[in-house]
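The values are calculated or read from the model by the stated rules, or taken from the named source; none is laboratory data. Please read these numbers as outputs of a predicted model, since none were measured by experiment. Heads up, the Cβs are rebuilt from the backbone with ideal geometry, glycines too, and the neighbour counts pull from every protein chain shown.
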Amino acid sequence: MNLTTRGIVFHKVKYGETSLIVKIFTEELGLQSFMVKGASGKSSRMKPSYFQPLSLLEIVMLQKPNQNLQQLREVRMAHAWNHIPFSPEKQSILMFLNEVVYKAIHHEHADKELFQWIYHTLVWFDLEEKLFLNFHLFFLIQFSRFLGFFPKGAEDKATPYFDLQEGMFISHKPFHPYYLEGEATEDFRRLITTGLESIEGLKLNNYRRRKMLDVLISFYQLHLPELGKIKSLEVLRMMSA
């Protein structure tokens, strides 16, 4: 049967001369794979431009249970990017976040809360013209809520260390090297308590922003080993230098 749902593009790969296989995180069914036949053909209504990283779509799909590849009937932009295509900084952040979410989300079942959070934060990111330089840091820390390792104990100032391995603020140095102290702990604490509406208060210079990004990558790799090396990280670091 036909199903209409919103979707977020995670990945695409060319198949044959003109077709694509696309992975889309859908609101109604979770992560689904689609065959897009003839996408590069002159008469195609489903152009490759629809399937750029983290594009926000509305799709009509032919739902076939127990099929590895679903069929797309219709595709349109649910939100066309306003500012991202014209900002190299935003493009590098988007590519980085796309790689992280693609490696982190595998479930083929609906997770509407996660879908709606990603969707609405990306719309904010696209439309915000000034206060976006720390967006990837905010995204990573809030995304960890949905992955099950959001930091614990941020409110307690009597805990000057953060144990990256255990995922919690503690009062003493741990017996391993994966911890934060001093300025890094306080930046991390502030990041945890920052929302989109207060992101402008997260004032980090380039050095502290890059350091916090490295901290978050280490935090993710400790709790999500399948993340591996992030290929887009170097481009992001260059753009934020």
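Residue count for region 64-82, restricted to those that are surrounded by fewer than 16 Cβ atoms within 10 Å (Cβ to Cβ), touching a residue at least 12 places away in the same chain (Cβ under 8 Å) and polar (S, T, N, Q): 3. Take the conditions (1) under 23 Å from the mean Cα position of the chain (by Cα); (2) more than 22 Å from H109 (Cβ to Cβ); (3) not in a helix (DSSP H, G or I); Y50 misses just one of them, which is (3).
The residue that is modelled with the lowest pLDDT, among those in region 150-201 that are acidic (D, E), assigned to a helix (DSSP H, G or I) and exposed (fewer than 14 other Cβ atoms within 10 Å of the Cβ), is E200. Scanning region 10-41 for residues that are assigned to a strand (DSSP E or B) and within 15 Å of Y119 (Cα to Cα) turns up F10, I24, F25, T26, G30, L31.
Among the candidates H83, H109, which residue alone is in contact with a Gly (Cβ under 8 Å, 6 or more places away or on another chain) and either outside the structural domain of V22 (by TED's automatic domain parsing) or over 19 Å from T4 (Cβ atoms) (or both)? Every option except H109 fails the conditions. Exactly one residue out of R210, R145 is under 23 Å from F115 (Cβ atoms), among the basic types (K, R) and not in a strand (DSSP E or B): that is R145. Residues in region 85-127 that are of a type in the set (A, V, I, L, M, F, W, C), surrounded by fewer than 19 Cβ atoms within 10 Å (Cβ to Cβ) and not in a helix (DSSP H, G or I): A110 only.
Here is a check on your reading of the model: is S49 out of contact with any Leu (no Cβ under 8 Å at 6 or more places or on another chain), buried (at least 21 other Cβ atoms within 10 Å of the Cβ) and on the phi < 0 side of the Ramachandran plot? No; evaluated as a whole, the condition is false for this residue. Applying a threshold of 6 Å to beta carbon distances and a minimum spacing of six or more residues, or different chains, the list of pairs starting in region 171-185 at a residue that is assigned by TED's automatic domain parsing to the domain that holds L216 and ending at one that is assigned to a loop (DSSP other than H, G, I, E, B) and basic (K, R) is empty.
Working only within region 94-115, note down all residues that are out of contact with any strand residue (DSSP E or B) (no Cβ under 8 Å at 6 or more places or on another chain) and within 11 Å of L54 (Cβ to Cβ). Of everything in region 94-115, those that are out of contact with any strand residue (DSSP E or B) (no Cβ under 8 Å at 6 or more places or on another chain) and within 11 Å of L54 (Cβ to Cβ) turn out to be L94, M95, F96, L97, E99, V100. Could you check region 215-237 and list, in sequence order, the residues that are without any contact (Cβ under 8 Å) to a residue 24 or more places away in the chain, loosely packed, with under 15 Cβ neighbours inside 10 Å and assigned to a helix (DSSP H, G or I)? Scanning region 215-237 gives P225, E234. Screening region 14-31 for residues that are more than 17 Å from V101 (Cα to Cα) and in contact with a Leu (Cβ under 8 Å, 6 or more places away or on another chain) and picking the one that is surrounded by the fewest Cβ atoms within 10 Å (Cβ to Cβ) gives K14.
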